[in-house]
Amino acid sequence: MVTPVVDFVRARDDVDRKRVAIWGWSFAGYLVPRALAFEHRLAAAVTDPGAINYVDSWPKEVLATAYDGTKAEVDAGWDAFLADSPKDLQVTLLKRLEIFPTTSWYDAVRIMQTYNAKPVLHRITTPYLLTEPQLEQFYPGQSKLIYDGLTHVKDKRLVNFTAKMGAQYHCEPMAPQRRNEVILDWLAGRIGG
């Protein structure tokens, strides 16, 4: 629901309507391209990283638990899987499920399957910067898939952040200054100082 936010921001007296941009991190790496397919008034967009298909970001062995049996059997199997998993994996998996309006693993996977931006990428026209950190844990390679699908974007850039830069991993946690320099310099080139 980016359009109501854009409406609100552009209606303000203290905002230059031609210089409104959007920057999304993590799961917003899916939400931003999806929004851009339908909202064409933004001057620039950034995703760090991009995500084209949310369900593909889950490990195959974890997803496999969602398809064998009835909803009750799948949910019971999920509870057993979590109980047998290391604590750090439990925390990661449960954190990633927080955004979905259900406590059912069976339902969550079916909701996740609807989060696929590939069919609408051709609608995007906004200047776009995507990051692709080395050793990306959740969406490896998905920024490149978005970049390749931006067939109507004349001004697009894919930035690879590397371990050599100290900018590896999801959202470059060890190199926020480097990430911000690259992204903010790119945005300044599209919307000004």
>> So if I check each of 125, 103, which one is more than 21 Å from residue 170 (Cβ to Cβ), touching a residue at least 40 places away in the same chain (Cβ under 8 Å), assigned to a loop (DSSP other than H, G, I, E, B) and open to solvent by 60 Å² or more (accessible area, probe 1.4 Å)?
In response: 125
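Hey, does region 114-122 have a residue that's part of a loop (DSSP other than H, G, I, E, B) and surrounded by fewer than 17 Cβ atoms within 10 Å (Cβ to Cβ)?
The initial filter retains those residues of region 114-122 that are part of a loop (DSSP other than H, G, I, E, B), namely 114-115, 117.
Right, trim to surrounded by fewer than 17 Cβ atoms within 10 Å (Cβ to Cβ) and you get 114.
Checking region 114-122: at least one residue is part of a loop (DSSP other than H, G, I, E, B) and surrounded by fewer than 17 Cβ atoms within 10 Å (Cβ to Cβ).
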> Quick check: is even one residue across region 1-17 open to solvent by less than 10 Å² (accessible area, probe 1.4 Å), part of a helix (DSSP H, G or I) and of a type in the set (A, V, I, L, M, F, W, C)?
Replying inline: yes
>> Is it the case, given these coordinates, that residue 42 is outside any helix (DSSP H, G or I) and either closer than 30 Å to residue 183 by Cα or modelled with pLDDT under 95 (or both)?
In response: yes
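Considering only region 83-100, state which residues are part of a helix (DSSP H, G or I) and either among the basic types (Lys, Arg) or open to solvent by 80 Å² or more (accessible area, probe 1.4 Å) (or both).
The first filter runs over region 83-100 and keeps only residues part of a helix (DSSP H, G or I), leaving 83-84, 87-97.
Within region 83-100, 84, 87, 88, 91, 94, 95, 96 meet the criteria.
If I filter region 1-19 for residues that are of a type in the set (S, T, N, Q) and touching a Cys at 6+ places or on another chain (Cβ under 9 Å), do I get at least one hit?
Kept after step one, since they are of a type in the set (S, T, N, Q), are these residues of region 1-19: 3.
After this cut, where a residue has to be touching a Cys at 6+ places or on another chain (Cβ under 9 Å) as well, the list is none.
Looking through region 1-19, none of the residues is of a type in the set (S, T, N, Q) and touching a Cys at 6+ places or on another chain (Cβ under 9 Å).
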> With (1) surrounded by 16 or more Cβ atoms within 10 Å (Cβ to Cβ); (2) at pLDDT 95 or above as the list, and residue 65 as the residue in question, which single condition is left unmet?
Replying inline: (2)
>> Looking only at region 141-193, count every residue that is open to solvent by 90 Å² or more (accessible area, probe 1.4 Å), assigned to a loop (DSSP other than H, G, I, E, B) and closer than 23 Å to residue 120 by Cα and tell me the total.
In response: 3
>> Can you find a residue that is over 26 Å from residue 158 (Cβ atoms), touching a residue at least 40 places away in the same chain (Cβ under 8 Å) and surrounded by 17 or more Cβ atoms within 10 Å (Cβ to Cβ) anywhere in region 40-48?
In response: no
> From 51, 108, which residue is assigned to a loop (DSSP other than H, G, I, E, B), crowded, with 16+ Cβ neighbours inside 10 Å and not hydroxyl-bearing (Ser, Thr, Tyr)?
Replying inline: 51
>> For the structure I just gave you, tell me whether residue 58 is touching a residue at least 40 places away in the same chain (Cβ under 8 Å), in contact with a helix residue (DSSP H, G or I) (Cβ under 9 Å, 6 or more places away or on another chain), open to solvent by less than 80 Å² (accessible area, probe 1.4 Å) and closer than 17 Å to residue 190 by Cβ.
In response: no
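If you check residue 77 against the conditions, is it outside any helix (DSSP H, G or I), open to solvent by less than 90 Å² (accessible area, probe 1.4 Å) and modelled with pLDDT under 95?
Values: outside any helix (DSSP H, G or I): no; open to solvent by less than 90 Å² (accessible area, probe 1.4 Å): yes; modelled with pLDDT under 95: yes.
Taking the combined requirement at face value, the residue does not satisfy it.
For residue 107, are the conditions met, namely being farther than 28 Å from residue 40 by Cβ and either modelled with pLDDT of 95 or more or hydroxyl-bearing (Ser, Thr, Tyr) (or both)?
In short, yes.
The values are calculated or read from the model by the stated rules, or taken from the named source; none is laboratory data. All figures in this text were calculated on a predicted structure; none of them were measured in a lab. We place every Cβ from the backbone using ideal geometry, glycine too, and count neighbours over all the protein chains shown. Just the protein is used for accessible areas: all its heavy atoms, side chains included, with ligands, DNA and RNA removed. Shrake-Rupley method; radii C 1.70, N 1.55, O 1.52, S 1.80 Å.
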